[in-house]
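Chemist: Have a look at this one before I ask anything.
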Amino acid sequence: MKRTNLLNFKTPARCCRYVHNSTLHNSATPLEAPPVTMTSYVSPVAKKLPPLSILSTSSVLRSYLITRATSSPILLGACFAVLKQMLRPNAVILSPERNPLLRWIFKHTFYTQFCAGENKTEVRHTLADVRKTGYSGVILEYALELLQEDGATKKTTAEEIAVFRKGMLDSIDMADPGDFVALKWSGLGEEALGLLNKGLPPTSEMESTILEVCDAAAAKDIALLPGAELEITNQGIDAWTLNLQRKYNKQKALVYTTYQAYLCSTPSRISRDLAVAQNDGFTLGVKLVRGAYLASEPKSNVWPSKAATDEAFDHIVEALLRRTYTQLIQPSSPYKAVFPDVALLIASHNAPSIAKAREIRVQQAANREPRILCTYAQLRGMADEISCGLIADARQERQAGVEVDVPRPYKCATWGTVGECLHFLYRRAAENQDAAGRTVETRRAMGLELWRRVKARVGMS
Ligand SMILES: Cc1cc2nc3c(=O)[nH]c(=O)nc-3n(C[C@H](O)[C@H](O)[C@H](O)COP(=O)(O)OP(=O)(O)OC[C@H]3O[C@@H](n4cnc5c(N)ncnc54)[C@H](O)[C@@H]3O)c2cc1C
């Protein structure tokens, strides 16, 4: 039986722009996806109860108010100004550590929207909530990052490694089997960042901590997601991460490399790593994002437009889902065109990209083609209409039984004290500013859901 797709996403018109023009390179399977026409997909679940109905009213209201604030240039500007002041090390009145009233307001608004909690009790409570909502699991990240513009830190390397080790082991402790723990190698400290930027390996102290963390994660069946940073740092990140994939990914993907679709170098880096995985016999873990450091990258490193980044993103997703070499994702030699095992984590808030991936997976399931392990992830507090759509699809598909693709939606939640999470929150505000259009989509979806609940309360629906 050929099933129709069950996508819950409202697809903006621009998704129809998608043109597939890959050519084949001695590959077993052609990469010839039929054009994706997502406007025709309407979820039967969506017809009964909208996907956002699974969220608590407090969460819908908070999302509505925050997206309302961040989609107004004046209010967003004010948020930025306050956050900037809060980040100053000598702040007094605007320091969340020194001003209890500010801390309370901030914690119950922005912090709660985007972060998981300050300690194990709070984080466990949030994670339980996330699971109850219907997510397949969580991605937990300790808010530890060394910003390149920060300059010298006051800690010794040994102290920085100790903070990283504790944060990672605590994250693994709070996560459940099947979850992910995200991290940044630069979180190991200033010396680590220097090594990464020079493409050098970690010191023996760093390496023993990294291996201890990987062993702890492997013992609990938790996968690790080292994030991508600036391209100059990524070369070191790639080398450190690929070495770990070689060691830990023999059975399945335990360690993933993050690739940023906005970088022109990404297709060749993925091609290179696929060849390594094929030669050395391990599953390549791929976490694909568009990239969050656009303003800091030299223009020449990045695709010339958002549309070109979107195109690259969708092209890579399709090549990996179909395990097929293309014009961009090439085998190391035409005679070695076997595609290695691959696991893909699509980390995006872009509805058309998620819908295209779902469409490919639904077709593969209907055709009984083999499918790779594929996970979808959105950040906590963002794009809930997409996450909840995936949850609704998963519920519907599970009931349908055979020849279906049950999507695996994950929510990525950062934890740490209010002070530790400030840099992370500042980047979320910046991202909302960049993606004003998407924020409006979320605000509209949350507004409609609130209105639906009010009408239901007064018996109007
Ligand atoms: C779970 C999760 C984990 C993440 N981990 C990382 C990570 O490790 N490293 C990292 O860098 N980012 C990470 N991100 C952030 C990510 O890279 C994006 O910044 C963010 O998700 C917005 O992109 P989008 O795919 O959601 O879609 P959209 O909102 O449709 O795309 C916005 C993105 O498009 C790209 N873009 C915008 N304008 C242009 C232009 N003119 N030219 C070229 N490209 C353009 C930029 O990458 C921008 O961020 C993560 C995101 C998620 C959801």
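The values are calculated or read from the model by the stated rules, or taken from the named source; none is laboratory data. All figures in this text were calculated on a predicted structure; none of them were measured in a lab. With ideal geometry, Cβ positions are generated from the backbone for all residues, glycine too; neighbour counts draw on all protein chains shown. Keep in mind that these areas ignore ligands, DNA and RNA; they rest on the heavy atoms of the full protein, side chains included. Shrake-Rupley method; radii C 1.70, N 1.55, O 1.52, S 1.80 Å.
Chemist: Once you charge only the Cβ atoms, +1 for Lys and Arg and -1 for Asp and Glu, what is the size of the charge dipole of the stretch 356-461 about its Cα centre, to the nearest 20 debye? Show your work: numbers first, answer last.
Modeler: Values: 19 positive and 13 negative charges, 66 e Å.
For the stretch 356-461, the charge dipole is close to 320 debye.
Chemist: For the stretch 191-282, state which trypsin sites (Lys or Arg not before Pro) are in a DSSP loop and have at most 16 other beta carbons lying within 10 Å of their beta carbon. Write out the running numbers ahead of the final one.
Modeler: Values: sites: 198, 220, 246, 247, 250, 252, 269, 272; in loops: 220, 250, 252.
When the trypsin sites (Lys or Arg not before Pro) of the stretch 191-282 are filtered for loop state and at most 16 Cβ neighbours within 10 Å, 220, 250, 252 remain.
Chemist: Whenever you get a sec, line up 108, 349 from highest to lowest accessible area (probe 1.4 Å, protein heavy atoms). Don't skip to the answer; put the middle values down first.
Modeler: Numbers: 108 95, 349 20 Å².
Sorted by accessible area, descending: 108, 349.
Chemist: Holding the Cα-Cα limit at 20 Å, pick out from 250/287; 287/356; 132/411; 155/247; 107/155 the pairs that are longer than that.
Modeler: 155/247; 107/155
Chemist: Here's another thing I want to ask about it. Can you give the Kirkwood hydrodynamic radius of the stretch 264-303 from its Cα pairs, in Å with one decimal? Don't jump to the answer; show the numbers that get you there.
Modeler: Values: mean 1/r = 0.0847 Å⁻¹.
Hydrodynamic radius (Kirkwood, Cα pairs) of the stretch 264-303 is 11.8 Å.
Chemist: Something else now. Can you tell me the relative contact order of the stretch 137-232? Whole percent, Cα pairs under 8 Å, sequence separation 6 or more.
Modeler: Details: 115 pairs, mean separation 34.5, N = 96.
It rounds to 36 percent for the stretch 137-232.
Chemist: Take the alpha carbon gyration tensor of the stretch 326-461, find the square roots of its eigenvalues, order them as a ≥ b ≥ c, and report rounded if a/c is under 1.5; if not, report prolate when a/b exceeds b/c, else oblate. The partial results should precede the final answer.
Modeler: On the way: a/c = 2.43, a/b = 1.37, b/c = 1.77.
Here the stretch 326-461 falls in the oblate category.
Chemist: From the square roots a ≥ b ≥ c of the eigenvalues of the alpha-carbon gyration tensor of the stretch 61-106, which class results: rounded (a/c under 1.5), prolate (a/b over b/c), or oblate? If you can, show how the numbers build up before the last one.
Modeler: Details: a/c = 3.78, a/b = 1.65, b/c = 2.29.
Judged from the Cα gyration tensor, the stretch 61-106 comes out oblate (a/c at least 1.5, b/c at or above a/b).
Chemist: Could you give me D for the stretch 136-264, from Stokes-Einstein at 25 °C and 0.890 mPa s, where the hydrodynamic radius is the Kirkwood radius over C-alpha pairs? Units µm² s⁻¹, please. Don't jump to the answer; show the numbers that get you there.
Modeler: On the way: Rh = 14.8 Å.
The Stokes-Einstein estimate is 166 µm²/s.
Chemist: For a quick check of understanding: with a 1.4 angstrom probe and all protein chains in place, what accessible area in square angstrom does residue 232 have, to the nearest ten?
Modeler: Its accessible surface works out to 100 Å², give or take rounding.
Chemist: Follow-up. Which translational diffusion coefficient, to the nearest whole µm²/s, is obtained for the stretch 205-304 from the Stokes-Einstein equation, given a Kirkwood hydrodynamic radius over C-alpha pairs, 4 °C and 1.567 mPa s? Write down the numbers at each step before the final one.
Modeler: Numbers: Rh = 14.1 Å.
Answer, rounded: 92 µm²/s.
Chemist: Apply the Karplus parameterisation 6.51 cos²θ - 1.76 cosθ + 1.60, with θ equal to phi minus 60°, to every residue of the stretch 342-348 and state each ³J(HN,Hα) to the nearest whole Hz, in sequence, with x for glycine and proline.
Modeler: Rounded to whole hertz, the list is 9, 10, 10, 10, 8, 9, 7.
Chemist: Near the amide H of residue 376, under 5 Å away, which other amide H atoms are found, from residues 5 or more places off or on another chain, if H is placed in the peptide plane?
Modeler: Answer set, sorted by chain and number: 346, 408, 410.
Chemist: Quick one: ranking 276, 454, 402 by accessible area, 1.4 Å probe, largest first, what do you get?
Modeler: Values: 276 30, 454 75, 402 110 Å².
Result of the area sort, largest leading: 402, 454, 276.
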